[in-house]
Amino acid sequence: MYTFILFIQIRYMLKKPILVIEHCEPILSDWLLLEYKHSVKIWGKNTIFTNIKDKKVNNILKNISKTEKKNAKEFLFNKKCIILDPQSKKTLKTNDFKNLDAIIVGGILGYQKPRGRTKKLISDKYKFETRNIGKIQLTIDGAVFVAKKIFSGKKIKDIEIAYELEIIHDPIHSTILPFGYPIFNNKPIITPGLVELITKDNGI
């Protein structure tokens, strides 16, 4: 008589953490607002903006997602969190999302040359664990896109990133965006409305 034992492998289902965008800029510019809106669209309703001190900014952002006057450290006290920081020595992996309460992204606009503002304004102050998502500086919504892909099981090395995009306005004028942009369906993920905003701001 033979006994057959059936082994059923159940894949551990990760619970999606909340996305916390720590607002760090003194002004809510049109560019920043576009990236915020796109970030919420990418991650979903489980997104919250923290460190919202200004009433006018709060009134704008609460129409996009939840807002919180407290900073991320105060709001996420005693929670398991990871800050996405380009200067972190560890790279974000899918396993990092196990039992994770929140993933924190800096609401910080980049510069042509990175200034390490995430580390200065968030990581050094809040003391949560940190992870990088590659060596190339990404936009806020680009970082959220990559984080979501890694949560879904992708490895950072398998996510294609385009560096520096040139927006052609006309035969004479163009704008270089010195950031990394994830590629999806053979196209870079560009913040909706950004090209139009840049064109308008340049008076083209």
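All of the numbers you see were taken from the coordinates with simple rules; none came from a lab. Model, not experiment: these values are computed from the prediction. Note that we place each Cβ from the backbone using ideal geometry, even for glycine, and neighbour counts take in every protein chain shown.
Can you give the charge dipole size of the chain about its Cα centre, rounded to the nearest 20 debye, using +1 on the beta carbon of Lys and Arg and -1 on the beta carbon of Asp and Glu?
In total the dipole reaches around 1040 debye.
Tell me what the chain gives for mean residue ellipticity at 222 nm when only DSSP H runs of n ≥ 4 count, each as -39,500 (n - 2.57), the sum divided by the residue total, rounded to 500 deg cm²/dmol.
Value at 222 nm, helices only, nearest 500: -6000 deg cm²/dmol.
Aspartates and glutamates near residue 187 by alpha-carbon distance under 14 Å, same-chain residues fewer than 8 away left out - which ones?
160, 164, 166
When we measure straight from the Cα of residue 89, which aspartates and glutamates land under 13 angstrom away, once same-chain ones fewer than 8 places off are left out?
Candidates past the 8-residue exclusion: 129.
So, by mean Cβ neighbours within 10 angstrom, what's the order for 88-97, 115-124 with the highest one leading?
115-124, 88-97
Using only Cα atoms, locate the centre of the range 30-52 and the centre of the range 132-159, then give the distance between them in Å, rounded to an integer.
Comparing the Cα centres of the range 30-52 and the range 132-159, I get a distance of 16 Å.
Taking amide H positions as placed in the peptide plane 1.01 Å from N, state which residues far from residue 47 in sequence (5 or more) or on other chains have amide H under 5 Å from it.
Amide H neighbours of residue 47: 19, 66.
Please get the size of the charge dipole for the range 36-100, origin at its Cα centre, with Cβ charges of +1 on Lys and Arg and -1 on Asp and Glu, quoted in debye to the nearest 20.
100
By per-residue mean of other Cβ atoms within 10 Å, what is the highest-first order of 171-179, 189-197?
Highest to lowest by the protection proxy: 189-197, 171-179.
Computed from these coordinates, which is Kirkwood radius over Cα pairs in Å: (1) 16.9; (2) 18.9; (3) 18.2?
Given (1) 16.9; (2) 18.9; (3) 18.2, the structure-derived one carries the label (3).
Which trypsin sites (Lys or Arg not before Pro) in the range 153-193 pass both tests, a DSSP loop state and at most 15 other beta-carbon atoms within 10 Å?
Answer in residue order: 154, 155.
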